[in-house]
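K.L.:
What follows is a single structure, and I will ask about it in a moment.
The values are calculated or read from the model by the stated rules, or taken from the named source; none is laboratory data. As the structure is a computational prediction, the values presented were derived from the model and not from experiment. All Cβ positions, glycine included, derive from the backbone under ideal geometry; neighbour counts span all protein chains shown.
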Amino acid sequence: MKHFKDLGVNDVFIKALNELSIKHPTEIQEQVIPRLLNTESDLIGQAQTGTGKTAAFGLPILQNTDVKLKEIQTLVLCPTRELGQQIAKQFFKFTKYSDRIFTEAVYGGEKIDRQINALKRTTHIVVATPGRLIDLLQRKALSLSHVNTIVLDEADEMLSMGFKKELNSILNHIPSSSKKWLFSATMPVSIREIINHHMSKEAYKVQINAKNIVNENIEHQYFVCDEKQKFNILNEFLKSKNKQRGIVFCRTKKSAKDLAEQLITKKYATDAIHGDLQQKERDKVMRAFKNKHLQFLVATDIAARGIDVASLSYILHYELPESVEYYTHRSGRTARAGRRGLSLALIREYERKKIASYEKFLEIKFKRIKY
């Protein structure tokens, strides 16, 4: 088993990683970190949430930052405010023992004047959502002329959220000599267009299979029931969990809203997080959840990206996700930091084929249960 020292990571960052209980690199970190530390090549990484991407691109960025240059040297683009905050927070933790490296996260839903003032201070790295970055560029609130590295994190999500025009505009704003690192769970045509237009034909390619990233501490279960039975089964499940905390996933915004309303009438301490919420409302829900005022969340897949809450005991799939990648993302919210967790799916009879496909593709086993 390799160590971060073997990959070329400096001792000041390794000391911080050890304090975070990050002892050994993941597969993508092993493949990516030495290359990004030592070469000027572009990189295309196909990897799902939970593979350790933030450290894979973050450690080389931090190690190669010139702290004497008081300019923005790296730009990280991501789809949501929550993910942007999470990335910036991780960068801060990684630099606990290094020279001062300043990261600023900018995103919609926050007063832009406050972010403009923050950017007037020394900033080496900007983590941004595409729409807000365009707003800041139009106001000439920052310069990208010294950017030597741009990261597109969860690129497929940015495109699915309608940011193609913004991404092209931003990529045209940065110096042509900048290294471009793109990470995406899937590679649809729209991603390939970005790659073909903006990235080197010699870009290094890494693909991490989903089967390699499922946490072994998660127990996977399913329960077969009719649609009419689902709510009662969910109710019984939640009662059995007492004060344990988790997330209940739905596939659509309407389903999440309707289910949360039903559960609130049953006196559960819960709320929904979905794409129709204003940013202030999302922040309020997340604060309540992190402060343990809510026992569990009802969430959609897109809205839940970037949620990183410790000590979640379970994930319940009230509706199965659209793709196996989303199943991996959902279930990965539990069993953090060496703990054990449960991922339970409530399914119709015809959906057993989907469970079988998860087992085959992810190389995991589901246990059928009855309440």
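K.L.:
Filter region 31-42 down to the residues that are part of a helix (DSSP H, G or I) and under 22 Å from I191 (Cβ atoms), then identify the one that is nearest to the chain's Cα centre (by Cα).
P.N.:
V32
K.L.:
Restricting attention to region 152-209, which residues are assigned to a helix (DSSP H, G or I), among the small types (G, A, S) and surrounded by fewer than 20 Cβ atoms within 10 Å (Cβ to Cβ)?
P.N.:
Those that are assigned to a helix (DSSP H, G or I), among the small types (G, A, S) and surrounded by fewer than 20 Cβ atoms within 10 Å (Cβ to Cβ): S160, S169, S190.
K.L.:
Taking the residues in region 8-24 that are under 22 Å from the mean Cα position of the chain (by Cα) and aliphatic (A, V, I, L, M) as candidates, determine which candidate is surrounded by the fewest Cβ atoms within 10 Å (Cβ to Cβ).
P.N.:
Here the residue is L20.
K.L.:
Follow-up question, since we're still on this one. Could we say that L182 is farther than 24 Å from D301 by Cβ and within 27 Å of the chain's Cα centre (by Cα) here?
P.N.:
Taking the combined requirement at face value, the residue does not satisfy it.
K.L.:
Next question. From the residues in region 213-230 that are of a type outside the set (D, E) and touching a Ser or Thr at 6+ places or on another chain (Cβ under 8 Å), which one is nearest to K370 (Cα to Cα)?
P.N.:
Result: Q221.
K.L.:
Something else: Here is a list: K353, K360, K292, K284. Which entry is over 20 Å from Q221 (Cβ atoms), assigned by TED's automatic domain parsing to the domain that holds F223, surrounded by fewer than 19 Cβ atoms within 10 Å (Cβ to Cβ) and more than 20 Å from the chain's Cα centre (by Cα)?
P.N.:
K292
K.L.:
On to the next question. Which members of region 231-288 meet the condition of being over 27 Å from G131 (Cα atoms), touching a Ser or Thr at 6+ places or on another chain (Cβ under 8 Å) and among the basic types (K, R)?
P.N.:
If the condition is that a residue be over 27 Å from G131 (Cα atoms), touching a Ser or Thr at 6+ places or on another chain (Cβ under 8 Å) and among the basic types (K, R), then K241, R245 are the ones that fit.
K.L.:
Of all residues in region 242-258, which are out of contact with any Leu (no Cβ under 8 Å at 6 or more places or on another chain) and either closer than 14 Å to D276 by Cα or crowded, with 16+ Cβ neighbours inside 10 Å (or both)?
P.N.:
T252, K253, K254, S255, A256, K257, D258
K.L.:
Just need a number here: residues in region 211-225 that are among the aliphatic types (A, V, I, L, M) and more than 13 Å from T26 (Cα to Cα).
P.N.:
Within region 211-225, residues that are among the aliphatic types (A, V, I, L, M) and more than 13 Å from T26 (Cα to Cα) number 2.
K.L.:
Is at least one residue of region 64-78 farther than 23 Å from S184 by Cα, in contact with a Pro (Cβ under 6 Å, 6 or more places away or on another chain) and not aliphatic (A, V, I, L, M)?
P.N.:
No, there is no match, as no residue in region 64-78 is farther than 23 Å from S184 by Cα, in contact with a Pro (Cβ under 6 Å, 6 or more places away or on another chain) and not aliphatic (A, V, I, L, M).
K.L.:
Select, from G50, G84, G45, G58, the only residue that is in contact (Cβ under 8 Å) with a residue 24 or more places away in the chain and assigned to a loop (DSSP other than H, G, I, E, B).
P.N.:
G50
K.L.:
Has region 273-284 got at least one residue that is touching a strand residue (DSSP E or B) at 6+ places or on another chain (Cβ under 7 Å) and small (G, A, S)?
P.N.:
Checked region 273-284: no residue is touching a strand residue (DSSP E or B) at 6+ places or on another chain (Cβ under 7 Å) and small (G, A, S).
K.L.:
Criterion first (at positive phi, of a type in the set (S, T, N, Q) and at pLDDT below 95) does N215 satisfy it?
P.N.:
no
K.L.:
Next question, about the same structure. Within region 131-147, how many residues are touching a helix residue (DSSP H, G or I) at 6+ places or on another chain (Cβ under 9 Å), more than 17 Å from P175 (Cβ to Cβ), part of a helix (DSSP H, G or I) and of a type outside the set (G, A, S)?
P.N.:
4
K.L.:
Another question, then. If we scan region 65-75, do we find a residue that is on the phi > 0 side of the Ramachandran plot and over 19 Å from the mean Cα position of the chain (by Cα)?
P.N.:
Looking through region 65-75, none of the residues is on the phi > 0 side of the Ramachandran plot and over 19 Å from the mean Cα position of the chain (by Cα).
K.L.:
I need the full set of residues from region 89-107 which are crowded, with 22+ Cβ neighbours inside 10 Å and part of a helix (DSSP H, G or I), in order please.
P.N.:
F91, F94 - these are the residues of region 89-107 that are crowded, with 22+ Cβ neighbours inside 10 Å and part of a helix (DSSP H, G or I).
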